[in-house]
Each structure stands twice: as C-alpha cells, then as structure tokens.
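In what follows, a structure is listed as structure tokens, so that the remarks can point back to it.
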Amino acid sequence: MNQRILISGASIAGPALAFWLARYGFAPTVVERAPRLREGGNGVDVRGQAVDVVERMGIMSRTRAAAADIIGMSFVDRNDRSLARIDMRAIQGRAASSEVEIMRGDLAAILHETTKDDVEYVFDDSIRTMDQDDDGVTVTFEHGPTRRFDLVVGADGTHSAVRNLAFGPESQFLRHLGHYFASANADPGLGEQRWVTLYNRPGRAAGIYRSGNHAGAKVNFLFRSKPLMYDHRNVEQQKRLLREAFADMPWHVPELLAGALTDPDFYFDALSQVRMASWSSGRVALAGDAAHCASPAAGAGATLSLIGAYRLAGELAAAGGDHRIAFRRYEQGHRKMVERSQSNLFIGMIAPKSTAGIWARNTVARLPLLGAMAGVERRLQPRLLPLPDYGPAAGSQPS
Ligand SMILES: Cc1cc2nc3c(=O)[nH]c(=O)nc-3n(C[C@H](O)[C@H](O)[C@H](O)COP(=O)(O)OP(=O)(O)OC[C@H]3O[C@@H](n4cnc5c(N)ncnc54)[C@H](O)[C@@H]3O)c2cc1C
C-alpha cells in the first residue's frame, strides 16, 4: 500500500524523509526546484532527539567531522573593539553534549550523498498541479512528464508550493516576526575564527560567521521591518531591499554588502513562522519548514526537520503504508516539540530595537550567569514524547 512517495524539496527535511522511506522499503522520489543542491546558509543545530536520529541514520561521525565548531557571538563597536561575548556552547549546553552545529549546506550534502543511490532525485523541476483521488495523486511538473504517486510530501520550505496547492495561500499560515534576514558567502577577511562577529545599530545587525572548518565566511544581515511587498522568488528585488536597509550603516557593512550582493547563493527571507492546524490533507502531507517553520531566530529548523522526517516515515512503516493512520500519529508525536521551539526565539538579543537595548544586551552578555540560567531554563522545559523505535519489526512493511 502507498509505495510511491513524491517529496518536494531537497534541503534537510526532504532527503532525511527519503532516507527513512527507502530504509523501510518505500520508493521515494525527491523533486528540487534548484538545478543543484543549494549550498547557502549559516550553521544549523542538530540538537536533542535529532542527535539520536542522526546516529540511527549512521551519519553521526560524518556530521561531527563537518561541525562548524562555533563558540559564540562577539559584539563589537564600529572600530572593532569588543563590547561583549556570549559563549553559545554554554548557553545551549553544547559543550558537554553530543549536539552539533553544522553549516546547512554541509548537512544537506551529507544527506544527499547518503541517499542518492537509493532515492530518485529530480533537480531543476517543481510540482505544477496535484490531483488527488481515492487511489493516488496525479502530479504535473513544470518540466517533466505527468506522473502518478501514492502520496506527496511537501518539504519545500517556508514558501512551500505543495502547501499552496493542497492547503491554500501562504498568507493563512505565515506569521511575520517583524524582521528580515539575509545570508551569503563572502570573505571580507574579517571576523574571528569560530565566532560570529556582530555589529549593531538600533533594529539592525550585520555579522560575519566564520566557522572552524571552512576557509571562507558567511555574512549575515538582520533588520526590523513591517511586512514588505516583494516577490519571494525575485532575488534582485530582495537584494534591493537589503541594500536600502543597510545603506547608511558604518563598520564594514559596505564591503560585506558588496560581497553578499554578488554571491549566487544569496539567501533572503522574512523571519516568519508557519502555523497550521493540520499538516496533512488526504494523500498530501507537509514536513520541515513547510509544515512548522519556527524561523531562523529559533535555531531549531534542522532539528525539527530531522525528527519530523524520522517520525513521518516511521509511522508510515508502522501503519503498513496507511497514510490516514500514519499522518495522524506523525502529528500527534511531533507537534509538542514544534510548539516548544516556536515559542523559543532570540531575535531581540541579536538586533535590539534601540541604543539602550543594545547597551542592555551587552551588559547582560557580560554576566557570567547566562550559561547557568539557560541550563536551569532547559531543565524546566516540559518533557517531550520519547523518540519511538520504528525497527522493521515495529510494523508490517509496505507490500
Ligand atoms: C539556501 C538556504 C539557506 C538557508 N539559510 C539558513 C540560515 O542561515 N539559518 C537558518 O536558520 N536557516 C536557514 N535556512 C532554512 C533551514 O534550512 C531550514 O529552517 C531547516 O533546515 C528546515 O529545512 P527544510 O528542508 O524544511 O526547508 P528548507 O531548508 O527551506 O528547504 C526547502 C527546499 O525546497 C526547495 N524548494 C522550494 N520550493 C520548491 C518547489 N516549488 N519545488 C521543489 N523544491 C522547492 C528549496 O530550493 C529548498 O532546497 C536556509 C534554507 C535554504 C534553502
């Protein structure tokens, strides 16, 4: 039952889901709009239960070997004098745990490399229409021929095309968090190795992210703004908005901007959350940011995607491919963790609204108690449902 599964999106959620589906005997196909695997983005965290998922996938040693090894954030003034530092390893409890921060592109590459022999990947294409009936879904594509699948999963990010087709326009589900974020590859020859160096003006932050395992750097920009009207697929419009927002900013911003605006992997988006009452509609389900983006400000996107993909595939296997049972159980198992992550934002710390706010942030950052306070807060978090073990014995295999 329900053997052929189409997944839209080849970033983190899509390939992770394909991995587990192939492991359980399903036949996944991944369609990705970009002509190749996208390499952009900063470090993403593999935390909590996602560590177990990555270990069960057998890719933990590769993931750890590619770790970005970031220590924390260093706040500087316009003359590069240090104002304060935050050791993020202590705050996240990373130093004494097996959790990993890894460049998003490196994690995507590991997932793709691990799955490419067992999974059909189609790059440079996108779903155009989906037509569900009792037995399956007929899918037409922008370029390829019409095909028939048993199930479709949208793992195509915050602006998911699958969600648009099956659930309606994104305006119903996207919650704007009052900021825009951009990231690009550039090497201005600035910033400290293994630190994110940040310069602030009220409501704006420009930064250099220099990981421990890459020669180049990532440059980042965050600015406060009410919702802006632009086409999220039009990169030139996004670049113009970024240029305008940072036009008068001192420090090294002019050269960071110059580098970012010429990078082909330039990434720009609103900080927003996806909130939905349900993650499935008939034979179509959503995974990762498409279902429940917590925003880069939560630092949980990759973790949630890895866990959600594990649960979705595992529930399908456990239910013998019955999507009605599996989609319900996937949601029951995963939602609590999503809600917890969506309420855990730290935007205010990165781009305080006012000069006084920047001063207060720097003062708090100098307190030695910050790591201990975060540890207490972590221990007070509500307990999550344990990660199920969906071995082949957990349920019947698809026939
Ligand atoms: C280039 C890039 C840079 C990022 N940078 C950061 C960052 O710096 N910090 C951070 O916290 N998060 C970043 N993210 C988001 C982060 O990857 C996610 O929050 C998290 O890893 C969950 O991933 P996901 O697979 O659900 O979605 P995403 O990582 O958003 O991936 C969605 C995938 O679907 C593809 N896609 C989109 N539309 C279609 C379509 N119509 N048809 C087929 N494929 C489609 C996209 O090209 C992409 O590969 C970035 C994402 C991308 C794609």
Residue 129 of a type outside the set (A, V, I, L, M, F, W, C), touching a Phe, Trp or Tyr at 6+ places or on another chain (Cβ under 8 Å) and closer than 28 Å to residue 37 by Cβ
no
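Of the residues 216, 203, which is under 30 Å from residue 64 (Cα atoms) and open to solvent by less than 40 Å² (accessible area, probe 1.4 Å)? First the steps, then the outcome.
Values: 203 fails: under 30 Å from residue 64 (Cα atoms).
Testing whether each residue is under 30 Å from residue 64 (Cα atoms) and open to solvent by less than 40 Å² (accessible area, probe 1.4 Å) leaves just 216.
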Requiring at least 3 residues that are buried (at least 21 other Cβ atoms within 10 Å of the Cβ), the strands (runs of 3 or more DSSP E) wholly within the stretch 80-168 are 100-103, 151-154
(1) assigned to a strand (DSSP E or B); (2) open to solvent by less than 20 Å² (accessible area, probe 1.4 Å); (3) under 30 Å from residue 129 (Cα atoms); (4) of a type outside the set (Lys, Arg) all hold for residue 208 apart from (3)
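Let's see how each residue does on (1) closer than 30 Å to residue 200 by Cβ; (2) in contact with a strand residue (DSSP E or B) (Cβ under 6 Å, 6 or more places away or on another chain); (3) within 15 Å of the ligand (Cβ to nearest atom):
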| site | (1), (2), (3) |
| --- | --- |
| 52 | no, no, no |
| 61 | no, no, no |
| 68 | yes, yes, yes |
| 86 | yes, yes, no |
| 101 | yes, yes, yes |
| 109 | no, no, yes |
| 112 | no, no, yes |
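Please report, ordered by residue number, the helices (runs of 4 or more DSSP H) entirely within the stretch 245-359 with at least 2 residues that are open to solvent by 20 Å² or more (accessible area, probe 1.4 Å) and more than 21 Å from residue 200 (Cβ to Cβ). Spell out how you get there, then give the answer.
Working: elements: 253-261, 289-292, 301-318, 323-342, 347-350.
The helices (runs of 4 or more DSSP H) meeting that bar are 301-318, 323-342.
It is to be established whether one or more residues within the stretch 136-153 are within 30 Å of residue 87 (Cβ to Cβ) and touching a residue at least 24 places away in the same chain (Cβ under 8 Å). Let's see the steps before the verdict.
Kept after step one, since they are within 30 Å of residue 87 (Cβ to Cβ), are these residues of the stretch 136-153: none.
Among the residues of the stretch 136-153, not one is within 30 Å of residue 87 (Cβ to Cβ) and touching a residue at least 24 places away in the same chain (Cβ under 8 Å), which makes the answer no.
The values are calculated or read from the model by the stated rules, or taken from the named source; none is laboratory data. What you see is a predicted model; the values in this text were computed from it and never measured. Heads up, the Cβs are rebuilt from the backbone with ideal geometry, glycines too, and the neighbour counts pull from every protein chain shown. The area values use the complete protein model at the heavy-atom level, side chains included, leaving out ligands, DNA and RNA. Shrake-Rupley method; radii C 1.70, N 1.55, O 1.52, S 1.80 Å.
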